[in-house]
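Notes to accompany the following structure.
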Amino acid sequence: MYSKKIVIRYEADIVDKPVVYSLVKDFDLAFNIMRARVSPRREGLVVLDLSGKKRNFDRAIRYLKDLGLNVEPLSKSVTQNVDKCVHCGACLAFCSTGALYIDKKTMKVLFDPEKCNGCGLCVNGCPARAMEINLL
């Protein structure tokens, strides 16, 4: 079973299409809506936790992109605001993937978005509010 959190950004003209329904019916994927902003005649976004067979997941992502949707992993939406970061290391206790780590030479907290799973625990754990989820 493959599972991944994704952010789907869409233009106003796609709101009336049953996109999530197609992910279930046509690609046999299970989903959990983590966040959504859907309004008639407006652009918006949906954050989904998708799971199913990897092959079906890959086909579904191609389908979404063919519809003209912007699809990216949720981890790409988590960022470190280096101007706010005081490098205290509090966020490290919340990061189970190793995306946040201390550079031994500079003793600064660094962020590797490729390792991030987008859980957002670091956002709540950062006293300086240097970790951010940029969904909009």
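The values are calculated or read from the model by the stated rules, or taken from the named source; none is laboratory data. In this text the structure is predicted, and so the values were computed from the model without any measurement. Here the Cβ is made from the backbone with ideal geometry for all residues, glycine too, and neighbour counts use every protein chain on show.
Pairs linking a residue in segment 57-71 that is without any contact (Cβ under 8 Å) to a residue 40 or more places away in the chain to a residue that is surrounded by 13 or more Cβ atoms within 10 Å (Cβ to Cβ) and part of a loop (DSSP other than H, G, I, E, B), with Cβ atoms under 8 Å and 6 or more positions apart or on different chains, are R59/F27; A60/F27; A60/L29. In segment 98-136, the residue that is nearest to I33 (Cα to Cα) out of those that are touching a Cys at 6+ places or on another chain (Cβ under 9 Å) and in a helix (DSSP H, G or I) is L121. Residue pairs whose Cβ atoms lie under 6 Å apart, sitting 6 or more positions apart in sequence or on different chains, and linking a residue in segment 16-43 that is basic (K, R) to a partner that is outside any loop (DSSP other than H, G, I, E, B), are R35/V47; R37/G44; R37/L45; R41/A12; R42/A12. Any residue that is under 29 Å from N124 (Cβ atoms), at pLDDT 90 or above and surrounded by 14 or more Cβ atoms within 10 Å (Cβ to Cβ) - is there at least one of those in segment 37-48? Within segment 37-48, one or more residues are under 29 Å from N124 (Cβ atoms), at pLDDT 90 or above and surrounded by 14 or more Cβ atoms within 10 Å (Cβ to Cβ). Could you check, for segment 104-115, whether at least one of its residues is of a type in the set (V, I, T) and within 18 Å of the chain's Cα centre (by Cα)? Looking through segment 104-115, none of the residues is of a type in the set (V, I, T) and within 18 Å of the chain's Cα centre (by Cα).
Selection of segment 87-120 for residues being within 25 Å of Y2 (Cα to Cα) and either out of contact with any strand residue (DSSP E or B) (no Cβ under 9 Å at 6 or more places or on another chain) or of a type in the set (F, W, Y) (or both) yields F94, S96, T97, G98, F111, E114.
Within segment 80-89, the set of residues being over 27 Å from R37 (Cα atoms) and surrounded by 17 or more Cβ atoms within 10 Å (Cβ to Cβ) comprises just one member, C85. Scanning segment 94-103 for residues that are farther than 9 Å from C126 by Cβ and at pLDDT below 95 yields a total of 5.
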